[in-house]
Each structure stands twice: as C-alpha cells, then as structure tokens.
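Here the structure is laid out as structure tokens; the discussion comes afterwards.
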Amino acid sequence: MKKKSVLIAGIIFVIMIAVIAIVNATGGTFVATFWALVPPFVAIILALITKEAYSSLFIGIVLGAFMSANCNFLGTVDAITVDALSTAVADNAGIFLFLVILGIVVALVNKSGASRAFGEWAQKNIKTKTGAMLATFALGVLIFIDDYFNCLTVGSVMSPVTDSKKISRVKLAYLIDATAAPVCMIAPVSSWAAAVSGCVESETYSGISLFIRAIPYNFYSILTLIFIIGLAILGYDYGKMSEFEVKAQETGDLSILDTTAQTDKNVRTVEEEGPANPHKGKLFDLIIPIVVLIVLCVWGLLKNGFDSLGGEGSFVDAFSETDAYVGLPWGSILALVVIVLYLVVRKVISFEEAMECVPQGFMAMVPAITILTLATSLKAMTNALEVKTFVAAMMENAKGLQWALPAIVFIVACVIAFATGTSWGTFGILIPIVSAVFPETSGLFFVGISACLAGAVCGDHCSPISDTTIMSSAGAHCNHIDHVSTQLPYVISVAGISFVTYILAGLFDLGGFAWLSIPVGIVLTIAFLIVMKKVTDKKKVA
C-alpha cells in the first residue's frame, strides 16, 4: 500500500472518529439512522482507495463499534472483540472448515497430476478463448446448489483451462462470481431458494412457490447470464478488465495472487508444489474427486434438511430447511476421506504426500478466511446499529409511487447489499417490508419480490466485503480488490439495464403486461453489448 494511500486512509479515519464523537456529544443518535450504513461505506471506499482489504475492513469495524458503544472506549473494545471478531469466527466455523477442506482437495488434485492432465485435455479440446469462457460459464451454471461451493469448485477446476488460453485470473474471478449467486438465485433447488423461503410470511403462497413465481422477473440474475454469453461470443472487454486481459495476452502475466511468502521453508504452497507423480495423474483423477465432492456435499445438505424435518418431507422441503454451514462441512469431510483413499489406492500419491496437502490447503485459504472474518464482523456492527429499521422507514415513505416501486426496491436492495456485503441479510430485511408494500393480489407483488432478490444479488456481486465476492477471488486465486474493481463496470452495466427493466415492468403492469419487460430486458442487454463493442473497437483504432 502506497504511503499516500495510507495517509488518505488515516485522515478519513480520524475525521470520521471526530465527526462521530461530535454527533454523540450533541445528543445525536446512530441507531436506525443513515449512520448505520456509514461504517461499511467507509470500509468500501478505503478498500478501493488503498487497494488493501484487511485494514479497510478493520477500520469499518472500529467505526461501527465506536458508534454502537456511544463513543465509550472500553465499550468499543468489547464490541470489536466479543460482538464482532469472536462471534464472526464462531458463526463461520463451519464455512471455514469447508474452505480448508476444499483447499486440501485442490492441493491433492494438483499433487496427483490430475490438474495437469485436465489442462492437456482442455488444450486439445477447447481451442479458443471464447470456448474456455463458455466452458467456465457452463460449469458455473451446473453447480447451482450453493454459491460457496460454486466459487471454489469452478475456480479450481477451470483455472488450468483459462490459464492455457491466457485469460487473466481477474476475468476468471468475474466468470465465477457472475455464475455463483445469480445462478443460485434462479435455481429452485439451492441453498438460496431455501434462504428466501425462510424469509417469506404469506397467507397465500408457500416460500418455495413464491420463489419460483418470482424467477422470471429476477432481471439482474437472468441478464447477467446473457451478458456473460454475449461478452464471450463478441470477444472483447471494457473498463479496467480490458487492461488485465491485454496484459495477459501480450505478456502472459495472468495476475495470479502471489502466496509464496511464508515462514516455514519446509511447507510449500499449492502453486510451488508440483505434481508428485506428474505422469500418473489422469483426467478421471480430477473428475472422480469433483463428482465425489459434489455428491457428498449435496447429500450433506439433504441430510441436514431431513434431520431438521424429523426424517419426513420431500427433497424440496429438505433444501428449504437445510443449514449450509452444517451440511457442506459434513459432506466435504466425508468427501476428503474418500478422495484421499482413492488417490492413495490408485498410487498416484502416497499417504505421506496426501498429508502434506493438509497445511498447503489451509494456507491457500488463509486470505479468504481472514477477509470473511472481518467482513462478517462488519455486518455484525451494521446489525447492531439496526439498519433494518432505517430501511423500513425509507420504504414506507416511497409507498405512493406504485409503478416505480419495483425499481426503487431494486436500488434500495443494491445499496444495502453493497454496504453490508450480504444478499441473504438484505432480502431478510426487505422481503417482509416488500410484502407489506405490495398486496398479494397485485401483479406487482412477484415483480417487487424479484426486485428485492435481484437487488440483493447485484449489491452482493460488486461489494468488496461480500463473502461470495471474497470466495470468487479465492477460487480464482487473484487479488481481491483487483477482482472488485475489474468487475464493477460489468455489474453496473447490467444493473442499469435491470433498473430500466423494472421501470418498464411497473408501467407494463398498469395494462397487465408485466411479462413484456422480460424480452425487452434481453434485447436491451444484447444491444448494449453490441454498442459497447463498436465503441471499444473505435478506441483501439484511435
């Protein structure tokens, strides 16, 4: 981090502490006001200025704790250590375990030589850069069960393919991120569908029924998938992403995160540690472990759901009751045991070599675990400041603009998810409010719910403190802030089109034709991509 950036960050922090102290001294309140969004926004601004996530997130946590403790020093320290950091570690223990196990699996596959075999297969069968991007997109769509699982699996499987076609790791991170939450949000059988269902309180519709009816109007998720396909086929990039792609094509620098620095010279990272038996690993030594991981993780999710239901109910019911923080670690631990046994029996690695992958996998996931801990702590401070009450008051004031409400809901959800870094928390806040704003007999009821879900995904997609964004960086093994800054123009582009589409949905609904907004949104997305390609081509010529 440059000295100038450090100075700017320090000045912003001191100014904010002074302003908060003055507001508190003059009898101002921080709870359930716009101040609830100040800590995350400061953290995000600092992250973008300094290009460094750890200190930026921690400053946001300190500001939130300072406000929640009414500027009391001891209360601030207590809030940081107990309410924020300690609670974040405890609440995310299951996901941390899942992350570490996935890191170990990646290390095992690399050491076996299976990744090399997959790379060789990909070079023979995937001939172009477009093919590599579309293959990454397809795998992301296929793994629709859970976004965490999606991010890390797609990254580990597809990085050899994208590397061979000189696609930068930040572009890979975007492809992962854009096919994680958006896909899960329109998949009826996923952890996200379960989360949405749990937030619904309707006398007419069940949670899963409402989720399914809202899918066609989830414009951001649908248009993001169309945007990726169009971008891959047209073969261009714009904004900061183009800089990384040009560098990758011209110099071969893929902007892979450097994790070679460590204290123990006897422990090497996944990248440093080449295959133990480079000629033994075959393509199916990658396919079988991934299939085992997917099957057992899905089984773990279903088992947890059925346990919650007392052993009764359907698969959909089980997914609606499952806890991913329990089900994913449960399934992945079994998968790890099976994968180790398989690779050892196959004699592509020895048992000792398999055990060497344990610290390697842990080390590979340390950056993601650290950022996730800090991001979760920041969310805890935002919750302590009761952002939900503030948002409810805002929505009540906008109740008179019925036709524009879906677009307003979309923007509000984007802002909340961007600031808090959680789409689940965002629709948890907004769905009850939206349900109260739109009568269930209105055609805009499903559009409003969809706008809430789409905005939550959109804000989460581009937020530096989002767990999905963090895991996409980890999955692609690229710098986290580079990932955020490169995908931001793409997210804003689709968000702008989605906003227009929600305006049209509100207007079309006056005549009972809200469904017309769907094809219009698709046409607008394709038209935007074509226009941007012409603009980009003109800049290259100039």
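Results for (1) more than 22 Å from Leu175 (Cα to Cα); (2) open to solvent by less than 60 Å² (accessible area, probe 1.4 Å); (3) at pLDDT 95 or above, shown as yes or no for each residue.
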position	(1), (2), (3)
Ser485	no, yes, no
Ala505	yes, yes, no
Gly512	yes, yes, no
Ile518	yes, yes, no
Thr536	no, yes, no
Ala542	yes, no, no
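Which of the residues spanning the stretch 418-470 are out of contact with any Gly (no Cβ under 9 Å at 6 or more places or on another chain), assigned to a helix (DSSP H, G or I) and open to solvent by 10 Å² or more (accessible area, probe 1.4 Å)?
Those that are out of contact with any Gly (no Cβ under 9 Å at 6 or more places or on another chain), assigned to a helix (DSSP H, G or I) and open to solvent by 10 Å² or more (accessible area, probe 1.4 Å): Trp424, Gly425, Ile429, Pro432, Ile433, Ala436, Phe446, Cys462.
Looking at (1) assigned to a helix (DSSP H, G or I); (2) of a type in the set (A, V, I, L, M, F, W, C); (3) surrounded by 18 or more Cβ atoms within 10 Å (Cβ to Cβ), which is the one condition that is false for Val338?
(3)
Somewhere in the stretch 493-501, is a residue open to solvent by 10 Å² or more (accessible area, probe 1.4 Å), in a helix (DSSP H, G or I), free of Cβ contacts under 8 Å to residues at least 60 places away in the same chain and small (Gly, Ala, Ser)?
yes
Pairs under 9 Å by beta carbon, first residue farther than 19 Å from Thr76 by Cβ and outside any helix (DSSP H, G or I) in the stretch 24-43, partner open to solvent by less than 30 Å² (accessible area, probe 1.4 Å) and modelled with pLDDT of 85 or more, six or more apart or different chains?
Listed pairs, sorted by first residue: Ala32/Leu385.
Give the stretch 33-53 a look and list any residue that's open to solvent by less than 50 Å² (accessible area, probe 1.4 Å) and among the charged types (D, E, K, R), or say none. Don't jump to the end; show me each part of the working.
Applying the first criterion (open to solvent by less than 50 Å² (accessible area, probe 1.4 Å)) to the stretch 33-53 yields 33, 35-40, 42-44, 46-47, 50, 52-53.
The answer is Glu52, and nothing else.
Can you pull out every residue in the stretch 346-356 that is open to solvent by 70 Å² or more (accessible area, probe 1.4 Å) and either part of a helix (DSSP H, G or I) or in contact with a His (Cβ under 7 Å, 6 or more places away or on another chain) (or both)?
Step one: of the stretch 346-356, the residues open to solvent by 70 Å² or more (accessible area, probe 1.4 Å) are 346-347, 351-352, 355-356.
The answer is Phe351, Glu352, Met355, Glu356.
Among the candidates Leu301, Leu343, Leu293, single out the residue that is open to solvent by less than 10 Å² (accessible area, probe 1.4 Å) and either touching a Pro at 6+ places or on another chain (Cβ under 8 Å) or among the polar types (S, T, N, Q) (or both). Please lay out each step first, then the result.
On the way: Leu301 fails: either touching a Pro at 6+ places or on another chain (Cβ under 8 Å) or among the polar types (S, T, N, Q) (or both); Leu293 fails: either touching a Pro at 6+ places or on another chain (Cβ under 8 Å) or among the polar types (S, T, N, Q) (or both).
Selected residue: Leu343, the only one of Leu301, Leu343, Leu293 that is open to solvent by less than 10 Å² (accessible area, probe 1.4 Å) and either touching a Pro at 6+ places or on another chain (Cβ under 8 Å) or among the polar types (S, T, N, Q) (or both).
Restricting attention to the stretch 54-71, and to residues there that are open to solvent by 10 Å² or more (accessible area, probe 1.4 Å) and either farther than 16 Å from Ala18 by Cβ or of a type in the set (Gly, Ala, Ser) (or both), which single residue is farthest from the chain's Cα centre (by Cα)?
Ala69
For the stretch 357-368, what are the residues that are surrounded by fewer than 20 Cβ atoms within 10 Å (Cβ to Cβ) and at pLDDT 75 or above?
Val358, Pro359, Phe362, Met363, Val366
Run down Ala138, Ala194 and say which single residue is at pLDDT 85 or above, over 20 Å from His483 (Cβ atoms), assigned to a helix (DSSP H, G or I) and not basic (Lys, Arg). Full working, then the answer.
Values: Ala194 fails: at pLDDT 85 or above.
From the options Ala138, Ala194, the qualifying one is Ala138.
Examine the stretch 106-124 for a residue that is of a type in the set (S, T, N, Q), under 20 Å from the mean Cα position of the chain (by Cα) and either buried (at least 24 other Cβ atoms within 10 Å of the Cβ) or at pLDDT 90 or above (or both), and state whether such a residue exists. I'd like the intermediate steps shown before the answer.
First pass over the stretch 106-124, keeping only residues of a type in the set (S, T, N, Q): 110, 112, 115, 123.
With the extra rule that they be under 20 Å from the mean Cα position of the chain (by Cα), the set shrinks to none.
Scanning the stretch 106-124 turns up no residue that is of a type in the set (S, T, N, Q), under 20 Å from the mean Cα position of the chain (by Cα) and either buried (at least 24 other Cβ atoms within 10 Å of the Cβ) or at pLDDT 90 or above (or both).
Taking the conditions exactly as written (modelled with pLDDT of 95 or more and part of a helix (DSSP H, G or I)), does Phe244 satisfy them or not?
So Phe244 does not fit the description; no.
Return the total of residues in the stretch 295-331 being under 20 Å from Ala187 (Cα atoms) and either in contact with a Cys (Cβ under 7 Å, 6 or more places away or on another chain) or not in a helix (DSSP H, G or I) (or both).
Of the residues in the stretch 295-331, 5 are under 20 Å from Ala187 (Cα atoms) and either in contact with a Cys (Cβ under 7 Å, 6 or more places away or on another chain) or not in a helix (DSSP H, G or I) (or both).
Using the structure shown, decide if Lys171 is surrounded by fewer than 21 Cβ atoms within 10 Å (Cβ to Cβ) and either modelled with pLDDT under 90 or more than 30 Å from Asp323 (Cα to Cα) (or both).
Here the answer is no, as Lys171 does not meet what is asked.
When you go through Ala53, Ala36 one by one, which is the residue that is under 19 Å from Ala380 (Cα atoms) and in contact with a His (Cβ under 8 Å, 6 or more places away or on another chain)?
Selected residue: Ala53, the only one of Ala53, Ala36 that is under 19 Å from Ala380 (Cα atoms) and in contact with a His (Cβ under 8 Å, 6 or more places away or on another chain).
Looking at (1) under 13 Å from the mean Cα position of the chain (by Cα); (2) surrounded by fewer than 24 Cβ atoms within 10 Å (Cβ to Cβ); (3) of a type in the set (A, V, I, L, M, F, W, C), which is the only condition Leu142 fails?
Among (1) under 13 Å from the mean Cα position of the chain (by Cα); (2) surrounded by fewer than 24 Cβ atoms within 10 Å (Cβ to Cβ); (3) of a type in the set (A, V, I, L, M, F, W, C), the lone unmet condition for Leu142 is (1).
The values are calculated or read from the model by the stated rules, or taken from the named source; none is laboratory data. This is a predicted model, so every value here is computed, not measured. Note that we place each Cβ from the backbone using ideal geometry, even for glycine, and neighbour counts take in every protein chain shown. Just the protein is used for accessible areas: all its heavy atoms, side chains included, with ligands, DNA and RNA removed. Shrake-Rupley method; radii C 1.70, N 1.55, O 1.52, S 1.80 Å.
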